[in-house]
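This report refers to the structure that appears directly beneath it.
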There are 2 protein chains.
Amino acid sequence: MLYLVKRKEALLAPLAEALAVAAAEVKVCTSCGNIDTIDPCSICQDQSRDITTLIVVADVADLWALERTEAHRARYHVLGGVLSALDGVGPSDLSIAALVERCRNEPIEEVILAIGATIEGQTTAHYIIDQLDQLVRPSPPLRVSRLAHGVPVGGELEYLDEGTVSAALRARTPVSGGPR
Amino acid sequence: MLYLVKRKEALLAPLAEALAVAAAEVKVCTSCGNIDTIDPCSICQDQSRDITTLIVVADVADLWALERTEAHRARYHVLGGVLSALDGVGPSDLSIAALVERCRNEPIEEVILAIGATIEGQTTAHYIIDQLDQLVRPSPPLRVSRLAHGVPVGGELEYLDEGTVSAALRARTPVSGGPR
């Protein structure tokens, strides 16, 4: 801070200005919860994306992590956190009702729950699955899936926790022989 | 070391004795490569285990990691390392030929490649798959599978590498709706 104040003409004033511009320009997308300078955000406006798949994430940082992979060009829904009894975060604090509404009104066929494998993340995923199971909507039926659990890329067995190793063992993938 | 020398009667002599006993007692299992005081090791001798499944690991430490999970009471095959051009480890340095022999002679139906998701680990897995594909043996056909790749338990998306996130997204698991 002292560094900035000492050079206030060169650094502090432009920084203040840039922050003011950012504060004025940045908007939260009313559809998905992403952060962008336009609303709806550029992802929601992108016509080339697969609109039948909705990827549910806890946070905008997770959305960006998924976008970096370029694995699946679909649309997103940002919950704004995960359920947490300790931090007093209940279902009404997250945009779960909005998610259910989107599943009712949009031509979504698959919901991918891309929520971290933490206790809170899994609790949130279960709650959402329950809510979507109760959703009455015209066919096609809504498919709900979650990210695979397993060994991270570059991971060595010896350093992984037991839960991950046994999840990876249970969900093993055939690579040759027999019916695939 | 100085600490040990200063108390040589109380500490150094018993330590030397314990190491000598360990050196004399510990054996490498001639069947699977595990370390035990008996040969064949207690896992290979355990009649209650599933003898139709063979879990292939790079190292004894990985075998112990899998045993801790208690997820699958099968038998093991320890390769003694992974293929590595940098370290000059070739197929003949690992017990791959012994693995192929076991698959020919034992009533094994499934080989699970529980090798780390590193470059060397995956190269080793591909080499083994090739070798086992060429194996001619009476039916049933040998199934080969590998550990699932994905989000480790407790993992948050934001901190995971792109390879893991996209592997987890591709290998997503249905949790409700549609055909499971």
From the options A:Ala171, A:Ala98, A:Ala74, A:Ala117, residue that is within 16 Å of the chain's Cα centre (by Cα) and under 30 Å from B:Asp62 (Cα atoms): A:Ala117
Any hit, region B:35-55, residues being of a type in the set (Val, Ile, Thr), in a strand (DSSP E or B), in contact with a His (Cβ under 8 Å, 6 or more places away or on another chain) and in contact (Cβ under 8 Å) with a residue 12 or more places away in the chain: yes
Flag if A:Ala61 is under 17 Å from A:Cys29 (Cα atoms), of a type in the set (Gly, Ala, Ser) and at the interface with chain B (Cβ under 9 Å from one of its Cβ atoms): yes
Tabulated pairs, region B:90-119, first closer than 29 Å to A:Glu162 by Cα, second open to solvent by 20 Å² or more (accessible area, probe 1.4 Å) and in a helix (DSSP H, G or I), C-beta under 6 angstrom, 6+ apart or interchain: B:Val100/B:Gln131
Search result, residues across region A:33-47 that are among the charged types (D, E, K, R) and within 18 Å of A:Val21 (Cβ to Cβ): A:Asp36, A:Asp39
From the options A:Ala71, A:Ala58, residue that is within 22 Å of A:Ala148 (Cβ to Cβ), touching a Leu at 6+ places or on another chain (Cβ under 8 Å), aliphatic (A, V, I, L, M) and open to solvent by 40 Å² or more (accessible area, probe 1.4 Å): A:Ala71
Index of the failed condition, A:His77 passing every other in (1) under 25 Å from B:Ala167 (Cβ atoms); (2) open to solvent by 70 Å² or more (accessible area, probe 1.4 Å): (2)
Conditions (1) out of contact with any Lys or Arg (no Cβ under 8 Å at 6 or more places or on another chain); (2) within 17 Å of B:Thr173 (Cβ to Cβ); (3) without any contact (Cβ under 8 Å) to a residue 24 or more places away in the chain: number failed by A:Thr124: (3)
Wholly within region B:64-180, strands (runs of 3 or more DSSP E) carrying at least 1 residues that are within 11 Å of chain A (Cβ to nearest Cβ) and small (Gly, Ala, Ser): B:74-78, B:143-146, B:173-176
Every residue from region B:80-89 that is of a type in the set (Gly, Ala, Ser) and either open to solvent by less than 20 Å² (accessible area, probe 1.4 Å) or within 12 Å of the chain's Cα centre (by Cα) (or both): B:Gly80, B:Gly81, B:Ser84
Residue under evaluation A:Thr37, criteria (1) under 30 Å from A:Glu106 (Cβ atoms); (2) out of contact with any strand residue (DSSP E or B) (no Cβ under 6 Å at 6 or more places or on another chain); (3) surrounded by 13 or more Cβ atoms within 10 Å (Cβ to Cβ), criterion not met: (3)
B:Cys32 vs. criteria in contact with a helix residue (DSSP H, G or I) (Cβ under 7 Å, 6 or more places away or on another chain), among the hydrophobic types (A, V, I, L, M, F, W, C) and either at pLDDT below 90 or under 20 Å from B:Cys103 (Cβ atoms) (or both): yes
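The values are calculated or read from the model by the stated rules, or taken from the named source; none is laboratory data. What you see is a predicted model; the values in this text were computed from it and never measured. Don't worry about glycine lacking a Cβ; one is built from the backbone with ideal geometry, like all the others, and counts go over all protein chains shown. Surface areas here come from the heavy atoms of the whole protein model, side chains and all, with no ligands, DNA or RNA. Shrake-Rupley method; radii C 1.70, N 1.55, O 1.52, S 1.80 Å.
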